[in-house]
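Notes to accompany the following structure.
The values are calculated or read from the model by the stated rules, or taken from the named source; none is laboratory data. From a predicted model like this one, the values you see are computed outputs, not experimental measurements. Every residue, glycine among them, receives a Cβ derived from its backbone with ideal geometry; neighbour counts consider all protein chains shown. Surface areas here come from the heavy atoms of the whole protein model, side chains and all, with no ligands, DNA or RNA. Shrake-Rupley method; radii C 1.70, N 1.55, O 1.52, S 1.80 Å.
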Amino acid sequence: MSGLRDVSIVMSSKRTGDRYLAKSYPHEILDNNGRTKLFSVPVFWLYLHGTDDKNAPVQKDWKALRFMPYWNDPKKSSSYRTLGWANAGLRHLPKKTVTYYNPIYMTRNRTSPFSGAIQMRDSFLIHAGPQTIHDSGWGAAGCVEIIGDFGQFREDIKILSGSTKVCSHDAILELVSAKKLFIQVDHAIAPNIPNENNFQIP
């Protein structure tokens, strides 16, 4: 553990220029034909910062979903506290030490082959998302969802950390235990998803 290196996860405010078609979550909004309505949301850059074994700085770039359409229908049962509509996602989080990693977490709104979740704050997590920008229909209630191979995302953290663990889950757990994994969410104004998509909330 003594050879571990610091790794920082930075959820940036910089948009990639891509748009992703997301569904509302935890409840879906249907269009006039009874089909699930999808909403165009911006994609953001997420950066992994660390060093290599020669102490040279290294940055890994990932695309992520940061702000998502949230619709908790007041007429339906849900475990989420906020009722009605919200543009879900953390606006800002100062750099802090990650204190919890769940290696067995599985995504809830869509099925993913990748497990694991890094806690940012409270129930706000970083976990797997759509495997490509074209895999539409994912939803979220404020978590950051990584676009692409989340297994490789975990592996990038492991490599940056210098951990000798074989499994990336074990490497991240080791990093968290050593208080060498950090999270930072750069300040950003949430997009007004209803206005951008020109529709009326039910």
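Is it true that Ser40 is of a type outside the set (A, V, I, L, M, F, W, C) and over 23 Å from the mean Cα position of the chain (by Cα)?
On the way: of a type outside the set (A, V, I, L, M, F, W, C): yes; over 23 Å from the mean Cα position of the chain (by Cα): no.
Judged against the criteria, Ser40 is not a match.
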> Only one of these conditions is not met by Gly151: (1) part of a loop (DSSP other than H, G, I, E, B); (2) farther than 25 Å from Trp71 by Cα. Which number is it?
Replying inline: (1)
>> I'm trying to understand the selection: among the residues of the stretch 149-181, which are closer than 19 Å to Lys95 by Cβ and touching an Asp or Glu at 6+ places or on another chain (Cβ under 7 Å)?
In response: Lys180
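So which residues in the stretch 157-202 are assigned to a loop (DSSP other than H, G, I, E, B), at pLDDT 95 or above and not charged (D, E, K, R)? Explain how you work it out, then say what you get.
First, pick out the residues of the stretch 157-202 that are assigned to a loop (DSSP other than H, G, I, E, B): 162-167, 178-180, 186-192, 198-202.
Of the ones still in play, those that are also at pLDDT 95 or above are 162-167, 178-180, 186-188.
Across the stretch 157-202, the qualifying residues are Gly162, Ser163, Thr164, Val166, Cys167, Ala178, His187, Ala188.
May I ask you to verify whether Asp18 is over 20 Å from the mean Cα position of the chain (by Cα) and either open to solvent by 30 Å² or more (accessible area, probe 1.4 Å) or over 19 Å from Gly129 (Cβ atoms) (or both)?
Details: over 20 Å from the mean Cα position of the chain (by Cα): no; either open to solvent by 30 Å² or more (accessible area, probe 1.4 Å) or over 19 Å from Gly129 (Cβ atoms) (or both): yes.
So Asp18 fails the test.
Got a sec? Which of Ile146, Ile126 is of a type in the set (A, V, I, L, M, F, W, C), touching an Asp or Glu at 6+ places or on another chain (Cβ under 9 Å) and modelled with pLDDT of 95 or more?
Working: Ile146 fails: touching an Asp or Glu at 6+ places or on another chain (Cβ under 9 Å).
Only one candidate passes the filter, namely Ile126.
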> For the stretch 79-143, list the strands (runs of 3 or more DSSP E) that sit wholly inside it and hold at least 2 residues that are of a type in the set (D, E, K, R); which are they?
Replying inline: 93-97
>> Need pairs with beta-carbon distance below 9 Å; first residue at pLDDT below 90 and within the stretch 29-43, second of a type in the set (D, E, K, R) and not in a strand (DSSP E or B); sequence gap 6+ or separate chains.
In response: Leu30/Lys37; Asp31/Lys37
